[in-house]
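Each remark here refers to the structure printed beneath this line.
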Amino acid sequence: MSTTAKQVMDIKTSKGIAQSSNEQLRRWSENGWEQAAKEGNYDRSREHLNFEIARGGIVRPVDKEHTLSRRMAEILDARGIKDPNKGLDPPKYRTVVNIIFGGSRERMREMAFGSQEVDFEKGADNAAIRRQPEIEQWAKDIYDFVCGKWGEENIVSFIVHLDEQNPHIHCSLLPLDKDNKFAFKELFSGKDKLEFKMRTLALHDELAKVNEKWGLGRGASVSETNARHRSTEEYRRWLSSECSTLEEDIDNHRKSLSELQTEIAIAEKKAKSFSTMIANLTTEKENIEHQLATLRDWLESGEEDSEVLARKIGNLEWQLSQTEEKLAARQVQLAQTEEQLAVLKADREQIQNEADDLSAKALQSEKSWSMNLTADLHAVMLEKLVNEFQPRLQRMNAEDQQLFDSTLLSELAEDGNKVVTVGLQLMAGYVDEATQFAQTHGGGGGGSNMPWGRNPDEDDRQWARRCLAMARKMMRPASGKRKKL
């Protein structure tokens, strides 16, 4: 088992059950399957391996008779919940959460097929392949995880696909709270981007505990690994070499976000277009099927000319096959576009998180830069004060000099560098070294066994003041008398 296998979890929302539900159920005609196999990564010879988890964690074949929209309606009706999108065109409210669970391809295939030789080339015959128990147990564990997080009663479908390149789970659920109200924001996104980020990170951590026994690890965060993985070629080129400054890093992230936003807008437009086409083709298909049913009834009753009816039926059957072929193609295109959207949005979220981290680092660097400048300026000011005061103190008579006894200014004028040295050692925690330095440079006011340390409630300035006060005390002669200048 590979130790580098990672888990995958992608979450996206929709305003109702997507038109691509046929894709999840594989509710395609013969023409539809031909088109799907031609345009997508589907292996019909492995379709028999697909399964779903039903209420109570029961493993069963995929129920193609109950569409996802019908399942959703039945759940809402049984609980007396109104669909807020009913009657709205287009729908407005986020009422469905679609989650894809999976992992690294090699590990997922190992769980699904074991040691069997599977041919993943298009057109391959894998009818003899059998589903392994391990993939079912993993799926049931993920099902239990979903039930524990959002409630089994809110699951619309939990379908496991083994007929694509990488085995995975499609889970559709209703974001309903304990009061049977749609509450996507409260259950998933949170009040702002920061809360959404923290919830997502925590969710991946929780899932990792479930996936641990299946050899699927939690991917390390970008802040820990400094990983740079993106979907756009432009971003790869920008980050092919190390950026020299934080400003360049931030600028590159902004450019990447702009590029991704453009890609997302295009993909969203395509998805909307495919959804509209699918809706129109579905209506057209239903109309043709209705006409066919009527003509066949007439043909059986003998009320009309059978030759004319047969010709009309043949024409309608040809139209139906063409419509089904187009419908299957659009459903595959929509599924692929939605998958692309999920990847793009995940990239956007990760780049945004990196950009936020870089901005925080830049702010911290700016603060550090400012603090360093301030420290340099204070050091120069201190040196200037001491240099200006020292010759003046020497020219003062004894009475005037007494006015400055035990003041910081006079002590710095006498042993400025030594006081600062002791203070710095104390701040750094080198108490013994500070004591030894003071005693060997004329000081005697401090003891080597005195308790010393920073108080938990002290800020940097308070701590610095206390270290300086102790340094002054330690540098005073044991007699307590100031040296004569």
For the range 71-97, how many residues are farther than 11 Å from Gly16 by Cα, surrounded by 11 or more Cβ atoms within 10 Å (Cβ to Cβ) and basic (Lys, Arg)? 2
How many residues of the range 144-160 are of a type outside the set (D, E, K, R), farther than 18 Å from Met72 by Cβ, in contact with a helix residue (DSSP H, G or I) (Cβ under 8 Å, 6 or more places away or on another chain) and assigned to a helix (DSSP H, G or I)? The answer is 1
Filter the range 207-222 for residues that are surrounded by 14 or more Cβ atoms within 10 Å (Cβ to Cβ), in a helix (DSSP H, G or I) and touching a helix residue (DSSP H, G or I) at 6+ places or on another chain (Cβ under 9 Å) and give the result. Leu207, Val210, Asn211, Trp214, Val222
Name every residue in the range 124-147 that is more than 25 Å from Ala37 (Cα to Cα) and either β-branched (Val, Ile, Thr) or at pLDDT below 95 (or both), in order of residue number. Ile142, Val146
Within the range 23-40, the residues that are under 28 Å from the mean Cα position of the chain (by Cα) and either modelled with pLDDT of 80 or more or assigned to a helix (DSSP H, G or I) (or both) are Glu23, Gln24, Leu25
Which condition number does Leu88 fail, the rest of (1) free of Cβ contacts under 8 Å to residues at least 60 places away in the same chain; (2) within 20 Å of Cys171 (Cα to Cα) being met? (2)
Looking at the range 170-188, is at least one residue assigned to a strand (DSSP E or B) and more than 16 Å from Met72 (Cα to Cα)? no
Check whether at least one residue in the range 138-154 is out of contact with any strand residue (DSSP E or B) (no Cβ under 8 Å at 6 or more places or on another chain) and buried (at least 20 other Cβ atoms within 10 Å of the Cβ), and report yes or no. yes
Quick one: Val59 ticks every box in (1) among the aliphatic types (A, V, I, L, M); (2) in a helix (DSSP H, G or I); (3) at pLDDT 95 or above except a single one, so which number is it? (2)
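Would you call Glu164 under 22 Å from Asp10 (Cβ atoms) and either of a type outside the set (Val, Ile, Thr) or assigned to a loop (DSSP other than H, G, I, E, B) (or both)? Let's see the steps before the verdict.
Working: under 22 Å from Asp10 (Cβ atoms): yes; either of a type outside the set (Val, Ile, Thr) or assigned to a loop (DSSP other than H, G, I, E, B) (or both): yes.
The answer is yes for Glu164.
Of the residues Glu121, Glu110, Glu106, which is free of Cβ contacts under 8 Å to residues at least 12 places away in the same chain and assigned by TED's automatic domain parsing to the domain that holds Lys213?
Exactly one of Glu121, Glu110, Glu106 is free of Cβ contacts under 8 Å to residues at least 12 places away in the same chain and assigned by TED's automatic domain parsing to the domain that holds Lys213, namely Glu121.
Taking the stated definitions as given, is Ser275 among the hydroxyl-bearing types (Ser, Thr, Tyr) and surrounded by fewer than 13 Cβ atoms within 10 Å (Cβ to Cβ)?
Numbers: among the hydroxyl-bearing types (Ser, Thr, Tyr): yes; surrounded by fewer than 13 Cβ atoms within 10 Å (Cβ to Cβ): no.
Here the answer is no, as Ser275 does not meet what is asked.
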What are the residue pairs meeting all of these: first residue in the range 59-81, first residue in contact (Cβ under 8 Å) with a residue 40 or more places away in the chain and not assigned by TED's automatic domain parsing to the domain that holds Gln132, second residue exposed (fewer than 15 other Cβ atoms within 10 Å of the Cβ) and basic (Lys, Arg), Cβ atoms under 7 Å, and 6 or more apart or on different chains? none
Condition first: assigned by TED's automatic domain parsing to the domain that holds Lys140 and closer than 19 Å to Arg105 by Cβ. Can you find one or more residues in the range 169-176 that meet it? yes
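The values are calculated or read from the model by the stated rules, or taken from the named source; none is laboratory data. From a predicted model like this one, the values you see are computed outputs, not experimental measurements. Quick reminder, even Gly has a Cβ in these numbers, built from the backbone with ideal geometry, and neighbours come from all protein chains shown.
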